[in-house]
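The values are calculated or read from the model by the stated rules, or taken from the named source; none is laboratory data. Here the structure is a predicted model, which means the values were calculated and not measured. Positions of Cβ are backbone-derived with ideal geometry, glycine not excepted, and every protein chain shown enters the neighbour counts.
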Amino acid sequence: MPCSKLKGICVGEENWVDSRTIYIGHKEPPPGTEAFIQQRFPDNRIVSSKYTFWNFIPKNMFEQFRRVANFYFLIIFLVQLIIDTPTSPVTSGLPLFFVITVTAIKQGYEDWLRHKADNAVNQCPVHVVQHGKVTRKQSRKLRVGDVVLVKEDETFPCDLVLLASSRDDGTCFVTTASLDGESSHKTYYAVQDTKAYNTEKEVDTIHATIECEQPQPDLYKFVGRINIYMNNEPVARPLGSENLLLRGATLKNTEYIYAVAIYTGMETKMALNYQSKSQKRSAVEKSMNAYLVVYLCILISKAVINTALKYVWQSDPNRDEPFYNQRTEAERQRHILIRAFTDFLAFMVLFNYIIPVSMYVTVEMQKFLGSYFIMWDDEMFDEELGERAVVNTSDLNEELGQVEYVFTDKTGTLTENNMEFIECCVDGHVYVPHAICNGQVMPDAAGMDMIDSSPGPEAREHEELFFRALCLCHTVQVKEEETVDGIKHGIHQGKSTSFYISSSPDEVALVEGMKRLGFTYLRLNDGQMEILNRENEVEKFDLLDVLTFDSVRRRMSVIVRASTGEVYLFCKGADSSIFPRVISGKVDQVRARVEQNAVEGLRTLCVAYRRLSPDQYQEVCQLLSRARLALQDRDKRLAEAYDLIEKDLILLGATAVEDRLQEKAADTIESLHKAGIKVWVLTGDKMETAAATCYASKLFHRNTQILELTTKRTEEQSLHDVLFDLSRTVLRQHGGMTRDTFSGLSGDCTDYGLIIDGATLTAVMRPGQEGSNSGNYKEKFLEICRNCSAVLCCRMAPLQKAQIVKLIKASEEHPITLAIGDGANDVSMILEAHVGIGVMGKEGRQAVRNSDYAIPKFKHLKKMLLVHGHYYYIRISELVQYFFYKNVCFIFPQFLYQFFCGFSQQPLYDTAYLTLYNISFTSLPILLYSLMEQHINMDILKKDPCLYRDIAKNSLLRWPSFIYWTVLGVYDAIVMFFGAYFLFDNTTFTSNGQMFGNWTFGTLVFTVLVFTVTFKLALDTHYWTWINHFVIWGSLIFFVVFSLLWGGIIWPFLNYQRMYYVFMQMLSSGPAWFSIILLITASLLPDVLKKVIWRALWPTTTERIQVGTNAGRNGELLYKIKKIFFLIVLWVFWNNCCN
Amino acid sequence: MMASSYNAKEEDGHHSGASSGAGAAKNRKPDNTAFKQQRLPAWQPILTAGSVLPAFFVIGLIFIPIGIGLYVTSNNIREFEIDYTGESSNSPCYSCAKNVTWNSTEPCFCTVNFTLERPFESNVFMYYGLSNFYQNHRRYVKSRDDRQLNGDPSSLRNPSKECEPYRTSGDLPIAPCGAIANSLFNDSLVLYYIDSNNSQSEVPLVKKGIAWWTDKHVKFKNPGGNSNLTAAFQGTAKPVNWRKAVYELDPSDPENNGFINEDFIVWMRTAALPTFRKLYRIIQKKPGATPTLPSGNYVLHITYNYPVLSFDGRKRMILSTISWMGGKNPFLGIAYITVGSICFFLGVVLLIIHHKYDNRNTSADIPS
């Protein structure tokens, strides 16, 4: 039975954990065959939304309270509800409710968008063959087993097995750009036995079942078999990934196909592949959490201290329960430990505001809203692509200001990935197409033969052979229509609407270059390649065989028969893979030219040919067919066959294709260097080309000393020796001057650049058999890298790119890394790095999707890091520090008050003030500050990249500055509390002799607090737009108006009226005003002084430039006015002293 | 799971290509508004020694005179304070202090003599002061029912739970309930002037205007108006420590009786700190040039009801004149002088720094 015929497939059968059986067109197999159990499959609905209407509230609540901060506040809230605490549950319940609601609304909105997107996808119409007719169905109703009709340029609605296509050979072309980023057209094959059924009627008659594995996420693996019942006799055929059309891929160049649904809905390979990216956390968030822990410790110790002191103080029963203040009976009954514990909890509740709830909301809002500035930025808009920057996560905005290492891809990121044919060289004569050199002066044109001055007949024959070879040796397809995705190129601009399409942009560039040189490839027609030669005659060649390109051989060949009957093998490939196989030709001249071109950063290919006699051709045919028919090790045998065929070549010449550097790439890299960022280029390209690009993009300078860590060197010496050699070289130079190179900009001392290739890297990274030794290699390697200003890694596999990033990330300084790339091969490193940036290039949008930020061009990285990153870092660090500061100011007086109220947890402020302090009185100014602040103009930031160094290494959030802010907060709190204390100390300060109570005391402290904290922010603001003015003065006015209102009315819903007229009475007293002014001044004084003195004595680069531009802006006049003023002041001072 | 981690965004441009794909690309050009480009016109001040200097001098020059003014004003205020607690055996109230407990029924009387060296001009304010009395204890502060005090009849019958354990007495609700009301200061102080021929003349003490106007007229209200308080408080009990019911606080004046009794209102405004004073009476300025309290001997008659020794407290009587800035308090003046001087001094320091360093910095950046 089937198994005996197809042993090879059945062998694997035991490995299948589970398999599924699909009846094509839902037709039962004929009786008598093996009975399959009908399985249930999901429908084709894609569900990306998290919530439904019903489960939104419980599920969202659950998710939100899983966050530690929210949980903490929930606990505080519950404690307030359960035990008798000094503040009402409202004070923490309201902010918490606010936070939870805002987050829920945001998440709900996002989920609603997802629902909408899902619906659009799920309801999009699909053509299904039913009873011999094509009917339309909604995509979500598609079931496994349905036969689907897909037309050109449509996307496959689910994973399908190709049954038949409009092409006779049962093939179809597909682009999987949206899945893996490869924009090339791939060929898929229909099952041989069904490819003839290419109308809906015929397809409907197919009677077959498919057995295949259960869905798995690997895009390139598929194992299955199809049983076709013809005349009730089942025929089994193998199915592989070449038969499987994946959801998300698009049909190209094929009119229509019929295919059967295999995996639907959430079981499609695409759905299985979209795993959540691991959450990236920024350095700022980490320090924020560290601060939080510190504050939690402070909070707990405060509560413990107060509880302990309370019981010490209370040991005298007349203090504990004086006659005027008795406990209730129930309280007296309670056990002392329970009382102590509830007291501890009550103190915790009283002081819990020191950990600001609203900080999380504000940070989140700042990040979310702030990211819009990146998207809105006009300078990061690319006219050509019509794209602007995209922010996929706003969590990492500030991380952009902390980048220390940039890992960049070369092709498509540094370069345009837009190949242009530059020149070809036939036997040492250089040909340059006119179209290219129009208007350009070739640098060393003197040594070149131009096409018009071609030499003698023998050379001319070679030359024509070379052109024909390039016209024939490729896999380019000609597309007659205009609407083609991917690579578009007009054959004749204006005249014809044909385009060349190929998986390799180089090939298109070459064929097009040939067209400019007079040889036009027309089409492939019935196995005949037609080209139009210089005399406008059509030449036809029979295409006999194609030896396809692979990255191991790095060459490809075609075998063609000319109309004269001669059989040629044309081969083109990398110089390293062609030269060893060449037996004649002007190898030296060509090699020289190739090397020169490679140094200039051009991509070079060599072309060679071999004339095959009929006998040889027969032999080749046999070799090939034998290899192709092999069932086992087919690839290996094919490679051997190719190796035998592609030999004894005659060298024709070489081509050079340029992949131009992106606009301003060099400028960007230079700026990054100046900003103290190390730039590494990771590329799959070969060393020479990559190195040339590095020189062109100023990554390496003329005086950079290049260190090579390549296979070439490790072949001569052992890896161990090379590594130690290099590290010695590097360290000798840098030993005494590490500091210098860090701060010095000009870099007079020798710069080092390192080049390493993939193979050597593998050797370096290999987990050692000798144990300690390999770790040593890694460290040595890191040490070398650290001392190199630029590193080029060539011949990298995608995974190796990620490995490098990981290696640097894990090194002892834990630097912040950024990876930027445009292709699917960069995805791994984009995901690995702290910040991943996608360039909207030509190689699909895979990188963009997996990135955290996407920019249209590499040059936009400069503004992204130097301006946006810098701003976001400055803003968020101030935000975090300020939040802790203002809550210390807020809570510390309350802590001090406990010493004067018998540790009874009496709150200093009214409930309304406790609740609203963080959510309305002081929240908006800092939020706006954190959105608008520009301590330096953005033009200066761009012009002067070294300013970026000022904020490197999380400098604004390190412990010293954290301690400074905290101490400042404590100082302010002490000034405010004791200022009010001495004012209240056993006296009155009204003009009618009446007394104020404890609530006036708290209100006075609170008023000073709100003003001080807001003015502190005002002093820190360097960029006062009307919005800042509005918000800062507005929130102070709001505070005053609120206080007037809050105390102005007997609020019927409140069961206490303790604030009634308190604020007004306070303001009616003159000394209250005086003390408010005094205390605010005294609180702000040290901070101003610190700022001014630090700026004068130890200015940072930033501060110097601020002063510079400020003085420049204000001009001389103001400066003179100031001088005169000083003189007057000095004079007054002098007179005062003398008298 | 997979389903939840799969993001719909990933799909755009393919199925729903028209919505966000190339078609919309042309519209994607961001608007070029100043706000979106972060180029709003802005004032960009920078705190440098140069720009802060004038501010320091100005603050110094303004604060020092203010401070001197405040200090002088405070010094001109007359204040006399006398402790009548009677904790030592030679003080006149010693026996009272020993005998009085909060539930003793018999009042105890004592007199304290004192001499004013200098006359008190203008209105004189008489305070009683308590020390070590925690009116700001949490259990105490919240032990009141503002609704009841506002004349709410339902709260009168059913006071708030916050008043426990001073909420009910027997079955009857306490009016006014709570610890604050219960511990109302009930010493009465009467002042006599002893003139040259040794005869005592009572100094008239005014008991109106000692409480906040808003408290007296809005916050505190008697249930059912001010007439017939006895009926209005029918069915309530007096606070346990009180000798008389709330409607007997000042039977002579219906505008000062019940909840709107000013002594009661003053007591109900809890003090901020454990040592505090409360306004007791006002001695009005006499017409003409005679001082309100001429210098000489006085005698203070005290009805000693309020026990403080149990919690180590002290009781004082304070006589004070008042200026526009209130009572005697040198703190503000001294603080102003200090801060002003510091500012001035720092101004000089900054001037030196500015001349030494700032010039160097700016000249380094902007040549000449």
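Screening B:40, B:70 for residues that are facing another protein chain (nearest Cβ under 8 Å), more than 30 Å from residue A:871 (Cα to Cα), touching a Phe, Trp or Tyr at 6+ places or on another chain (Cβ under 9 Å) and of a type outside the set (D, E, K, R) leaves exactly one candidate, B:70. With respect to the conditions (1) over 31 Å from the mean Cα position of the chain (by Cα); (2) part of a helix (DSSP H, G or I), residue A:848 falls short on a single one, namely (1). On the stretch given as region A:1018-1034, residues that are surrounded by 20 or more Cβ atoms within 10 Å (Cβ to Cβ) and either part of a helix (DSSP H, G or I) or in contact with a Pro (Cβ under 6 Å, 6 or more places away or on another chain) (or both) total 3. Selection of region A:1048-1085 for residues being more than 9 Å from chain B (Cβ to nearest Cβ), crowded, with 23+ Cβ neighbours inside 10 Å and not aliphatic (A, V, I, L, M) yields A:1063, A:1083. Would you confirm whether any residue within region A:568-578 is in contact with a Leu (Cβ under 8 Å, 6 or more places away or on another chain) and of a type in the set (Val, Ile, Thr)? The answer is yes; a qualifying residue exists. Of all the listed residues (A:764, A:805), the sole one being over 24 Å from residue A:697 (Cα atoms) and at pLDDT 80 or above is A:764. Which ones in region A:214-240 are closer than 20 Å to residue A:144 by Cα and surrounded by fewer than 16 Cβ atoms within 10 Å (Cβ to Cβ)? Answer for region A:214-240, where residues must be closer than 20 Å to residue A:144 by Cα and surrounded by fewer than 16 Cβ atoms within 10 Å (Cβ to Cβ): A:214, A:216, A:217, A:218, A:221, A:238, A:240.
Any residue that is of a type in the set (A, V, I, L, M, F, W, C), more than 30 Å from residue A:342 (Cα to Cα) and either free of Cβ contacts under 8 Å to residues at least 12 places away in the same chain or away from every other protein chain (no Cβ under 14 Å) (or both) - is there at least one of those in region A:900-921? For region A:900-921, residues of a type in the set (A, V, I, L, M, F, W, C), more than 30 Å from residue A:342 (Cα to Cα) and either free of Cβ contacts under 8 Å to residues at least 12 places away in the same chain or away from every other protein chain (no Cβ under 14 Å) (or both): present.
Closer than 30 Å to residue A:847 by Cα, in contact (Cβ under 8 Å) with a residue 40 or more places away in the chain and touching a Phe, Trp or Tyr at 6+ places or on another chain (Cβ under 8 Å) - does that describe any residue in region A:108-127? Yes. Do you know which of the residues in region A:558-608 that are part of a strand (DSSP E or B) and of a type in the set (Val, Ile, Thr) is modelled with the lowest pLDDT? Among those that are part of a strand (DSSP E or B) and of a type in the set (Val, Ile, Thr), it is A:604. Scanning region B:203-230 for residues that are assigned to a helix (DSSP H, G or I) and at pLDDT 90 or above turns up B:213, B:214, B:215, B:216, B:217, B:218, B:219.
Inside region A:1086-1099, residues that are more than 7 Å from every other protein chain (Cβ to nearest Cβ) and more than 17 Å from residue A:1011 (Cα to Cα) make up a count of 3. When residue A:221 is tested against the conditions (1) more than 22 Å from residue A:185 (Cβ to Cβ); (2) free of Cβ contacts under 8 Å to residues at least 40 places away in the same chain, the lone failure is (1).
Those helices (runs of 4 or more DSSP H) of region B:252-368 in which 3 or more residues are modelled with pLDDT of 90 or more and either out of contact with any His (no Cβ under 7 Å at 6 or more places or on another chain) or within 10 Å of chain A (Cβ to nearest Cβ) (or both) occupy B:262-268, B:330-353. When region A:312-368 is filtered for residues that are surrounded by fewer than 14 Cβ atoms within 10 Å (Cβ to Cβ) and acidic (Asp, Glu), the ones remaining, listed by number, are A:316, A:329.
Is it true that some residue in region A:1100-1114 is surrounded by fewer than 22 Cβ atoms within 10 Å (Cβ to Cβ), more than 10 Å from chain B (Cβ to nearest Cβ) and in a loop (DSSP other than H, G, I, E, B)? Within region A:1100-1114 (the criterion being surrounded by fewer than 22 Cβ atoms within 10 Å (Cβ to Cβ), more than 10 Å from chain B (Cβ to nearest Cβ) and in a loop (DSSP other than H, G, I, E, B)), the answer is yes, since at least one residue qualifies. Which residues, taken from region A:800-826, are over 24 Å from residue A:951 (Cβ atoms) and crowded, with 24+ Cβ neighbours inside 10 Å? The answer is A:801, A:804, A:821, A:822, A:823, A:825, A:826. Counting just the residues of region B:120-135 that are of a type in the set (Phe, Trp, Tyr) and in a strand (DSSP E or B), which one comes out nearest to the other protein chains (Cβ to nearest Cβ)? Within region B:120-135, the match that is nearest to the other protein chains (Cβ to nearest Cβ) is B:125.
Here is the figure for region B:166-184: residues that are crowded, with 19+ Cβ neighbours inside 10 Å and in a loop (DSSP other than H, G, I, E, B) total 7. Identification of helices (runs of 4 or more DSSP H) wholly contained in region A:911-1009 with 1 or more residues that are among the aromatic types (Phe, Trp, Tyr) yields A:911-916, A:923-932, A:959-984.
Among residues of region B:204-216 that are more than 14 Å from residue B:124 (Cα to Cα) and outside the structural domain of residue B:151 (by the TED database), none has a beta-carbon under 8 Å from a residue that is at pLDDT 95 or above and crowded, with 21+ Cβ neighbours inside 10 Å at least six positions away or on a different chain. Apart from one condition, residue B:189 fits all of (1) more than 9 Å from chain A (Cβ to nearest Cβ); (2) within 26 Å of the chain's Cα centre (by Cα); (3) crowded, with 21+ Cβ neighbours inside 10 Å; the exception is (3). The requirement of being closer than 28 Å to residue A:694 by Cα and under 43 Å from the mean Cα position of the chain (by Cα) is satisfied by residue A:574. Only one entry of A:553, A:534 meets the criterion of being surrounded by fewer than 12 Cβ atoms within 10 Å (Cβ to Cβ) and either modelled with pLDDT under 80 or part of a loop (DSSP other than H, G, I, E, B) (or both), and that entry is A:534. Among strands (runs of 3 or more DSSP E) entirely within region A:188-248, having at least 1 residues that are away from chain B (no Cβ under 14 Å) and of a type in the set (Ser, Thr, Tyr) singles out A:208-213, A:224-230. So if I check each of A:283, A:346, which one is under 19 Å from residue A:873 (Cα atoms) and under 51 Å from the mean Cα position of the chain (by Cα)? That would be A:283, the only listed residue that is under 19 Å from residue A:873 (Cα atoms) and under 51 Å from the mean Cα position of the chain (by Cα). Do we have any residue at all in region A:233-253 that's free of Cβ contacts under 8 Å to residues at least 12 places away in the same chain, farther than 30 Å from residue A:506 by Cα and of a type outside the set (Ser, Thr, Tyr)? Checking region A:233-253: at least one residue is free of Cβ contacts under 8 Å to residues at least 12 places away in the same chain, farther than 30 Å from residue A:506 by Cα and of a type outside the set (Ser, Thr, Tyr).
Residue B:142 falls short on exactly one of the conditions (1) touching a residue at least 24 places away in the same chain (Cβ under 8 Å); (2) within 12 Å of another protein chain (Cβ to nearest Cβ), and that condition is (1). With respect to residue A:715, is the statement that it is of a type in the set (Asp, Glu) and touching a residue at least 12 places away in the same chain (Cβ under 8 Å) true? The answer is no for residue A:715.
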